[in-house]
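I have placed the structure first, in the form of C-alpha cells, so that the comments after it can refer back to it.
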Amino acid sequence: MNDSMSIPHLIMNASLVVQLVMLLLLAASIASWVVIFQRSFALARARKAQKAFDERFWSGIDLNELYQDVPEQHEAQGAEHVFRAGFREFNRLVPKTRSSEAVLDGVQRSQRVALSREEDRLNANLTLLATVASASPYIGLFGTVWGIMGSFQSLSMAQQATLSTVAPWIAEALVATAMGLFAAIPAVIFYNRLSAIASRLLGDYEDFAEEFHSILHRNLQGRGSNQAA
Amino acid sequence: MAKRTRRVGYGLPVVLAVGVHVVALLLTMLRLPDSEVTPTSSSVVQATLVSDVTATDQAQYAEASRARNAQQQAEDQAQQQAAEAAEAEARAEAQEQARDAQAAQAREEAERRQQVAAEAAERAAAAEAEQREEAEAERQRQAEAEREEAEAERQRQAEAERKRQEEEAERQRQAEAERKRQEEEAERQRQAEAERKRQEEEAERQREAEAERKRQEEEAERQRQAEARQEQAAAEAAAAASRDALNDSIASEQERIANAQQSSQASNNFINLVKRAVEDRWHLPSNAANGLVAQVRVRLGPSGELLAASITSSSGNPSFDRSATQAVEAAAPFRELQQLDAGLQRRFRDFNLRFTPGDIQ
C-alpha cells in the first residue's frame, strides 16, 4: 500500500458528497462516544449512589433524619429522589387528611412522577446512541454508493478500464462505509449495555418505591390503629 | 454524607470521545506501514512456474525456427539463384560474344590461311614455271652444246683445248644444274614440308575448332543446366512461398503466444487455479520444517489429466516430498487446461511447482 492509498489521503481526495457524508459520520461517531462516556460515568455514579442510599436506608436510620440530612437545595437523584418525593408528599398530606388511602394515593402519585423523571434521566441521550447505531451504516453505505457511482462515471470516460482507474474511487468510497461501521458498532454495543444498566437501575428504583410505599402504608395503619385505640 | 452525588458533566466525555477518535486515526496511520513491512501471505504453497519450456516445446520452437531458417535459406537461395542466373546470362552473353569473336577470328584466320595457301600456290606455280623455263633453257643449252659438240667434234681436233674447257664448263654447268636441281629438290621438299605443316596446322585448327565446338556445346549444356537450375530455384521459391504461409501461421501463433505471455493473464489464471487446487489438498506432514523446498514436475495430458508428478529437486524430507506429489495427484485433473489457447496448453502441459511450507506449523 503506497502513500496515495493511505486513509487520510483517500479522505482528502474524495468527492464533496462523500466528504460531507464522512464529516457527518465523524460527527455522529464523536457524539455517540460523548454519549457513551457521559452515560457510562452517569450510570456508574447512579449505581454507586443507589448502593449507598440502599445501605443508609436499610441501616435502621430514622426516616425524618434521613430526609432532613439531605439539603433542600440539592437535587436528589435515583432512589433518593423517589424517597424524598414520596416522603415530602406524605408529610404534607398526613396533617391535612385523616384518610390513609388518600395519603397513600398522593405518595404513590408523587413517587410515580419521580420514577418517570428518573427514567427519563437514565435514558437520556441513549436514543442518540440508538439512532447512530441504526442510521450510520446506511449513511456510510450512501457515501459508498455515491463514490462507486463516481468511479463508474470516471470509468466510462477512461479508454482502458484497468483496476488502477477504479481502485482509488472504490477505496475512498469504501472508507465511508468503514466510518459508518466505525460509528455504528460501538453505538450498538454501548446502547445495549447502557440501556440494560439503566433498566436495571430503574427496576431497583421501582422496587425501592414499592418497599417505601409498603413502609408508609404500615406506618399509616399503625397510626390509624393508635388513633382508633 | 459529605460527598454528594453531582450531575455528570459533558466536558470530560467530549475530551474522551475526541481522544478515542484521535487514537483510532493514529492507529490506522501507524498500522499501515507495519502491515507494509510484513506482508501476510495467506498462500501456503508458493507455487511458481519455474520452467514451462518442455521437450516438445523445444522441438516445436526448433521446428519453427528451422522453418524460418528454411524460409530464409530459400529466399537466400532464390536470390542467389537469381544472381547466378543473371551471372549465367551475362556469362552466356559474354560467351556468345566470345564465340562470335572467335568465329570472326576463325573466319579471319581461315581467310588468312587461304591467302597464305594461295600465295604458296602462286609461289609454287612461279617456281615450277621457273623450273620449266630453266629446264627449257637447259635443253636448249644442251642442244646448243650438242650442236656445239658436234661442231666441236668437228672442230675437236682443232680445238681440243676448247673442248676440254667447254667440257669443263659443261661439267661445271652440269654440276651447277645438279646443284640447282638439288636445290629445287630441297625447295620442293621444303614446300612439301610446308604443305605438311600447313596440313598439320589445318588439322590442328580443325581440332581446335572441334574443341571450340565442344566447348560451346559444353557451354550450351551448362547454360541449359543453369536454366534447369533456375527453373528448379523458381520451383523451390514457389515451394518456399507456400511454406511461407505455414510459417506465417506459425509466426502469428507465436505472436499470439507472445502476447499472451505479455499479458500473462491466462497463464496466471491457470497457474493460480492450479496453485489453489494444490494448496487446498496439501496436507503438510507434522515433522516438516519451515525451510523445506521441494520442486515437483507436473506433466498433464491434453485434457488436463495428470500424466506424472515427479520430484525434480527433493527437499530432503521424504514425507514432505510425498505430501507434495500427493497434493498434486489429489488436485488433478486440471480441466481448466482445455479452456486455454492451444499454445498456452502446450506450455502448461509440463511445468514445475515449488512447494515451500509457509508460516504454518
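The values are calculated or read from the model by the stated rules, or taken from the named source; none is laboratory data. This structure is a prediction, so every number in the text was calculated from the model and none was measured. A quick note on method: Cβ atoms are made from the backbone with ideal geometry, for glycine too, and the neighbour counts reach across all protein chains shown.
The single residue among B:Gln338, B:Gln326, B:Gln345 that is surrounded by fewer than 19 Cβ atoms within 10 Å (Cβ to Cβ), part of a helix (DSSP H, G or I) and in contact with a helix residue (DSSP H, G or I) (Cβ under 7 Å, 6 or more places away or on another chain) turns out to be B:Gln345.
Note on region A:19-38: residues that are surrounded by fewer than 19 Cβ atoms within 10 Å (Cβ to Cβ) and within 14 Å of the chain's Cα centre (by Cα) total 0. Applying the selection to region B:254-291, what residues are at pLDDT 75 or above and not assigned by TED's automatic domain parsing to the domain that holds B:Glu336? Correct list: B:Gln254, B:Glu255. Restricting B:Gln131, B:Gln191 to residues that are more than 30 Å from B:Ala209 (Cβ to Cβ) and surrounded by 12 or more Cβ atoms within 10 Å (Cβ to Cβ) narrows the list to B:Gln131. Across region B:169-192, not a single residue is classified as in a helix (DSSP H, G or I), modelled with pLDDT under 80 and among the polar types (S, T, N, Q).
For B:Ala186, state whether it is more than 30 Å from B:Gln114 (Cα to Cα) and aliphatic (A, V, I, L, M). No. The conditions of being modelled with pLDDT of 85 or more and small (Gly, Ala, Ser) are not met by B:Ala235.
Pairing each residue of region B:338-352 that is more than 12 Å from B:Asn269 (Cβ to Cβ) and free of Cβ contacts under 8 Å to residues at least 60 places away in the same chain with any residue that is hydroxyl-bearing (Ser, Thr, Tyr) and not in a helix (DSSP H, G or I), provided the two are 6+ apart or on different chains, yields C-beta distances under 9 Å for B:Gln338/B:Ser303. Within region A:74-91, the presence of at least one residue that is under 22 Å from the mean Cα position of the chain (by Cα) and on the phi > 0 side of the Ramachandran plot is confirmed. Against the test of being more than 41 Å from the chain's Cα centre (by Cα), small (Gly, Ala, Ser) and not assigned by TED's automatic domain parsing to the domain that holds B:Ser249, the options B:Ala342, B:Ala324 yield a single qualifying residue, B:Ala324. Scanning region A:107-120 for residues that are crowded, with 18+ Cβ neighbours inside 10 Å and within 22 Å of the chain's Cα centre (by Cα) returns A:Gln111, A:Ala114, A:Leu115, A:Glu118. Just one of the listed residues (B:Ser315, B:Ser303, B:Ser319) is touching a residue at least 12 places away in the same chain (Cβ under 8 Å), out of contact with any Ser or Thr (no Cβ under 7 Å at 6 or more places or on another chain) and surrounded by 20 or more Cβ atoms within 10 Å (Cβ to Cβ), namely B:Ser315. Can you confirm whether B:Glu119 is loosely packed, with under 13 Cβ neighbours inside 10 Å, assigned by TED's automatic domain parsing to the domain that holds B:Arg99 and in a helix (DSSP H, G or I)? Yes.
Filtered by the rule that a residue be of a type in the set (Asp, Glu) and either in contact with a helix residue (DSSP H, G or I) (Cβ under 7 Å, 6 or more places away or on another chain) or surrounded by 12 or more Cβ atoms within 10 Å (Cβ to Cβ) (or both), region A:39-66 gives a lone residue, A:Asp54. Of all residue pairs spaced 6 or more apart or on separate chains, none has beta-carbon atoms under 8 Å together with a first member in region A:7-35 that is within 16 Å of A:Gly150 (Cα to Cα) and away from chain B (no Cβ under 11 Å) and a second member that is modelled with pLDDT of 90 or more and outside any helix (DSSP H, G or I).
Yes or no: A:Gln153 without any contact (Cβ under 8 Å) to a residue 12 or more places away in the chain and not in a helix (DSSP H, G or I)? Spelling it out, it is not the case that A:Gln153 is without any contact (Cβ under 8 Å) to a residue 12 or more places away in the chain and not in a helix (DSSP H, G or I). Among the candidates A:Val132, A:Val145, the residue that is of a type in the set (Val, Ile, Thr) and within 14 Å of chain B (Cβ to nearest Cβ) is uniquely A:Val132.
Just one of (1) within 19 Å of A:Ala130 (Cα to Cα); (2) within 11 Å of chain B (Cβ to nearest Cβ); (3) not small (Gly, Ala, Ser) fails for A:Arg56. It is (1).
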